[in-house]
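Asker: Attaching a single structure in structure tokens format; questions to follow.
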Protein chains: 2
Amino acid sequence: NDLCKVIYVVSQGNSTKIIILQDNLYFDSYSDVTIHEEMIADHVRTNTYRMGILRNSESIRGKVVLDVGAGTGVLSIFCVQAGAKKVYAVEACSIAEQAVKIVKQNKMEDRIEVIRGTVETVDLPETVDVIVSEWMGYALLHESMLNSVLYARDKWLKPGGLILPSEAELYIAPVSDPVVEDRLHFWYTVKDQYGIDMSCMSDFARKCIMNSDITVNSVTVEDVLSHPARFARVDLYSVTAEELQSVKGQFTCECFGSASVNAFCVWFTVTFPSPDKPPLVLSTSPFKPETHWKQAVLYLDEPADVYCDLILCFITIFLVLNYLLVCGCKVS
Amino acid sequence: NDLCKVIYVVSQGNSTKIIILQDNLYFDSYSDVTIHEEMIADHVRTNTYRMGILRNSESIRGKVVLDVGAGTGVLSIFCVQAGAKKVYAVEACSIAEQAVKIVKQNKMEDRIEVIRGTVETVDLPETVDVIVSEWMGYALLHESMLNSVLYARDKWLKPGGLILPSEAELYIAPVSDPVVEDRLHFWYTVKDQYGIDMSCMSDFARKCIMNSDITVNSVTVEDVLSHPARFARVDLYSVTAEELQSVKGQFTCECFGSASVNAFCVWFTVTFPSPDKPPLVLSTSPFKPETHWKQAVLYLDEPADVYCDLILCFITIFLVLNYLLVCGCKVS
């Protein structure tokens, strides 16, 4: 199964590092129940999608929907709850078998058609009025999931059709991660404990921990050293695959005070239009209730001291490269 | 939440890697600092090895030692602290580079020689008086790590030489794991939350969670349903590689009371001889302080109800097969 790439995630305590490897090892984690447990138990995620879909029921009622990467079919069922006449739930991985059972258990097999395959290769009997997708939903597993949504838009969405969510934004802020400092310091404590000087391991630890891979962490508000800066915005209606490959990242942050920056924290929001209301935002900000996405942390090679009121200007092309790559964007 | 891990040992080219599935995929390797942090921060493990070695200083002082799978060289340094004249620290992975630095930082390069390679292929200038090894130390990475210790014993240990630790024992007890029941029940709660009946996912979840792979868990005393039963004992001085391949597992457990058994918990002890004292035991029992090994849990396909005072007789050949395989034993 080409879509389900192998990704290794290193876990320690509440910190998870994602390493994307280019090798032949294959593991389809979407076949395992755990990832789906995590997504559905994430109330911020699931409820915001539900509200985002229900708020657009005027555009969904009696209409035809395409769910890109449908998983267990939950978003498709929300669309039926919003009045959809027909939903094509396209899912490439074997979890589609569970989606079939769930659709049947909820007596919606007349309205939801689960189609096993990639959205790039399936054949639908008709174009659709609405596209719904959780392409960022643990989408780190699918590098090109956003590309799949754009492909579906270009091939299957009627002119003037609705895309949910309709917009995505990426934010960055410098952080001071205390856990890393503790982990580096640990090697200085072994001498008192066991009479062995292991302080030279601290350099090795620094190279292992503070590298160019992204780490998924819970970043607390106290760790964030400046107001966030938005560095990218994607309009799902208009962005092209080529544009995704050349998103520039440039921003400035004004730090709250003096601190040592050892990392950047990156997170995203997605937005659902809301007729007659402000748009509904699903945010993975450290300033908001936590989601299963937590935040992405990119460590600096060396901490950098920053001072109060100093404007910091960062070209983040390298730093955000890894993160945006996994979201299906490329940074030049 | 690092309560629950499922371990796959995967061969990739010439190297063996672990994939540990937790909430996400988990990748670990002896080249990464994390595993060494975990081992050295495990005070029960490291201090028991230290005490086990120091208590045998009469047999180590002025003698020659072989450390099989030396890692960062900690056990080798303990042997020098116990008076060893010379230690050959054999380590196959790149962490050997750190061992060299640590030995130097502790000014022991005249007494500890770090040799990069497998114990099966390295050439030592002499036979040794003592073998020390932590072959169970996250030894899941090396299926045949115990085999390597036996190989080293047969090739390099002088007659009458000392092996630390000298004995290993495996224990088993039936358990009732509450987390699994919660995870299976979760799918029944989605209807109230989102109006979607996902109860059919419970069967799929059961197949994913309660399979024949081993899971590493913290098992609490309350979860254990009977006194433990010892089902295997390995005498490091005399066991042969062939015998390791045919360890039979048969035992009886008398449960404390009525309960539903959904798994078996397996753990080990290793023993260090202690001249003029009772032997020193490093235990990973759920009844003892926790170590980084936690316990191994093997789930039943279906829970089994057990009743007070009923003698339960289990043939655990299949159940322990997976676990013992990864410890380098085979069960017939």
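Asker: As a test question: what accessible area, to the nearest 10 Å², does B:Asp129 have when a 1.4 Å probe is rolled over all protein chains in place?
Answerer: 30
Asker: Let me ask you something else. Want the number for B:Lys104 to B:Arg233: 0.36 nm per residue separation, take away the alpha-carbon distance, what's left?
Answerer: Net length gain for the segment: 42.6 nm.
Asker: Run the 1.4 Å probe and let me know the accessible area of B:Arg61, rounded to the nearest 10 Å².
Answerer: In the full protein context, B:Arg61 sits at about 140 Å².
Asker: Give me, ordered by chain and number, the residues 5 or more places off B:Ala263 or on other chains with an amide H under 5 Å from its own placed amide H.
Answerer: Long-range HN contacts for B:Ala263: B:Val175, B:Asp177, B:Leu300.
Asker: In addition: Find the sum over both chains of the accessible area lost when B and A are paired, probe 1.4 Å, and report it in Å² to the nearest 100.
Answerer: So the buried area, both faces added, is about 5000 Å².
Asker: As a test of reading the structure, rank B:Glu242, B:Glu134, A:Glu167 by solvent-accessible area (1.4 Å probe, protein chains only), most first.
Answerer: The residues order as B:Glu242, A:Glu167, B:Glu134, largest area first.
Asker: With a 1.4 Å probe and all protein chains left in place, how much accessible area per residue does segment A:86-207 have, in Å²?
Answerer: Here the per-residue accessible area is 40 Å².
Asker: With all protein chains present and a 1.4 Å probe, how do A:Met201, B:Met145, A:Met51 order by accessible area, largest first? Write out the running numbers ahead of the final one.
Answerer: Numbers: A:Met201 0, B:Met145 25, A:Met51 75 Å².
Listed by decreasing accessible area, they come as A:Met51, B:Met145, A:Met201.
Asker: Here is a further query. Once the other residues with Cβ under 13 Å from the Cβ of B:Leu236 are scored (Lys, Arg +1; Asp, Glu -1), what is the net sum?
Answerer: Working: positive: B:Arg153, B:Arg233; negative: B:Glu134, B:Asp154, B:Glu167, B:Glu169, B:Asp235, B:Glu243.
Once all neighbours under 13 Å are counted, the net charge is -4.
Asker: Can I ask one more? Residues of segment B:28-67 that become at least 30 Å² less accessible with every protein chain present than in their own chain isolated, using 1.4 Å: which are they?
Answerer: B:Asp32, B:Val33, B:Thr34, B:Glu37, B:Ile40, B:His43, B:Arg50
Asker: In terms of solvent-accessible area of protein heavy atoms at a 1.4 angstrom probe, what is the ranking of B:Val281, B:Val64, highest value first?
Answerer: Values: B:Val281 75, B:Val64 5 Å².
Most to least solvent-accessible, the answer reads B:Val281, B:Val64.
Asker: Pop out the ³J(HN,Hα) list for segment A:83-90 in order, Karplus 6.51 cos²θ - 1.76 cosθ + 1.60 with θ = phi - 60°, rounded to Hz; leave Gly and Pro as x.
Answerer: x, 4, 6, 8, 10, 9, 9, 8
The values are calculated or read from the model by the stated rules, or taken from the named source; none is laboratory data. Note that the structure is predicted; figures quoted are calculated from it, not measured. Reconstructed Cβ throughout: ideal geometry from the backbone, glycine too, with neighbour counts over all protein chains shown. Remember, those area values only see protein heavy atoms, side chains included, never the ligands or the DNA or RNA. Shrake-Rupley method; radii C 1.70, N 1.55, O 1.52, S 1.80 Å.
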